[in-house]
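Everything below concerns the one structure shown next.
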Amino acid sequence: MATLELRYLADVPDLLPLVARWHQLQWGYLSNAISLDERIRRYQSHLQREQPPMTFVALVDGQPAGSASLVENDLGDRSDLTPWLASVYVTPPMRRQGVGAALVHRVAEEAARLGYATLYLYTYDKARFYQHQGWRAVERRPYRGVQVTVMALDLDKLPSSHHQPSTGRSRA
């Protein structure tokens, strides 16, 4: 059985260019054509542990397998909603093995630890994945040329263990 470890990007900053490359390849078309270099520069601000923006990296048996971020806002015209789960990415060989769900739970734990009551996200194709993890749809709307579902997770309804920082290690 593989060992899954979830780390702050701040603890593994050498992985920042790889994480930025994953995100550029996956969602570059939604980001107003920013360059990979610009994305790397933006992720420099994620190298922290005490406030958004922050990113977590999943390591499976020590190898990078995915990432997810906690950001203040991920939907420009909904600044009334904060914070957001953003950029959940799992490498193709590691998909459907619990890595994505673990990353989502880790970001939710972090948001709860920081005192937030609700966490938001938007997705254009993974609403069912998130619904299975307790998220609820808030609205469907167009965004940057695609139809998205805005979703929310009530953090005060998480088991109390979710409010404590996790050790970051589990079995995948």
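The values are calculated or read from the model by the stated rules, or taken from the named source; none is laboratory data. Here the structure is a predicted model, which is why all the values come from computation and not from measurement. Cβ sites come from the backbone with ideal geometry, for glycine too, and all protein chains shown count toward neighbours. To get the accessible areas, we keep the full protein, side chains included, count just its heavy atoms, and leave off ligands, DNA and RNA. Shrake-Rupley method; radii C 1.70, N 1.55, O 1.52, S 1.80 Å.
Looking at the chain, the accessible area is 51 square angstrom per residue; that uses a 1.4 Å probe and ignores ligands, DNA and RNA. This model, with +1 at the C-beta of Lys and Arg and -1 at the C-beta of Asp and Glu, gives the range 1-157 a dipole about its Cα centre of some 460 debye. Projected over every direction and averaged, the convex hull enclosing the alpha-carbon atoms of the chain yields 9.4 nm². Here the range 56-168 exposes an accessible surface that is 49 percent carbon and sulfur, computed with a 1.4 Å probe and the other protein chains kept in place. Across the range 38-50, rounded Karplus estimates of 3J(HN,Hα) from the backbone phi angles (6.51 cos²θ - 1.76 cosθ + 1.60, θ = phi - 60°) give 5, 5, 4, 4, 4, 6, 4, 6, 8, 7, 8, 10, 10 Hz, Gly and Pro being marked x.
Return the whole-Å distance between the Cα centroid of the range 88-103 and the Cα centroid of the range 64-78. So the separation of the two Cα centres works out to 16 Å.
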